[in-house]
Amino acid sequence: DACVKVLLSHADSKLLLFPQGHLEVSARNAPESYRKGAARIVKRVQSLVNGQPLAYLPIAIYYKDTPEGSSLGRRLLHRLITAGLHGGKNFINFILRCSWRLRVLLGKQSRAVPPRQVSLFMSTPKYGVVVAIGKAIPAAQLPDDPAHATRLIRDRIVVLYEQARAA
């Protein structure tokens, strides 16, 4: 309901969301990772705008994980970050542990709360990003069934992702 209200609040309202329900950096693009909410939102708003143009704009984000084309500084930074420190822990996790210990010493952090580990996405070097924006899909052209509409959206995003990866 909140997304529908945002889109109906102004004639030029826009909403950005990931149909996977989260930022998918692993490029799995598996059909089961896509949620039907984006399609439902577009179809619901379409039914309420009385013929005003409404569209879904597919976007793919590709995170480069190879150093080709990156600057020397970027490559050195990633080398430093991923260098093993203290029993194989990477640099970021080392900094997190130090920060947590400092907060404990200052009385701002409970000892019972362990430091969080950085996710695989954050600890794996990223050397840039390519964003591919596709052709808008008019809401009227999306199937009424949310599962079918979600498949159409996913298919468009997969094509864009491959274009971004090839760029």
* Structure fact -> Over 20 Å (Cα to Cα) among K36/K64; K43/K135; K5/K135; K5/K36 -> K36/K64; K5/K135
* **Summed residue charge, Cβ within 12 Å of A132's Cβ, Lys/Arg positive, Asp/Glu negative** => +2
* How big is the Kirkwood radius of region 1-74, worked out from every pair of different alpha carbons and given in Å to one decimal? -> 14.9
* Structure fact -> The exposure ranking of I133, I157, I61, fewest beta-carbon neighbours within 10 Å first, is I133, I61, I157
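Taken together, the values in this text are just the output of simple stated rules run on the coordinates, not laboratory data. All of these numbers come straight from a predicted model, not from anything done at the bench. For neighbour counting, all protein chains shown are included, and Cβ atoms are generated from backbone atoms with ideal geometry for every residue, glycine included.
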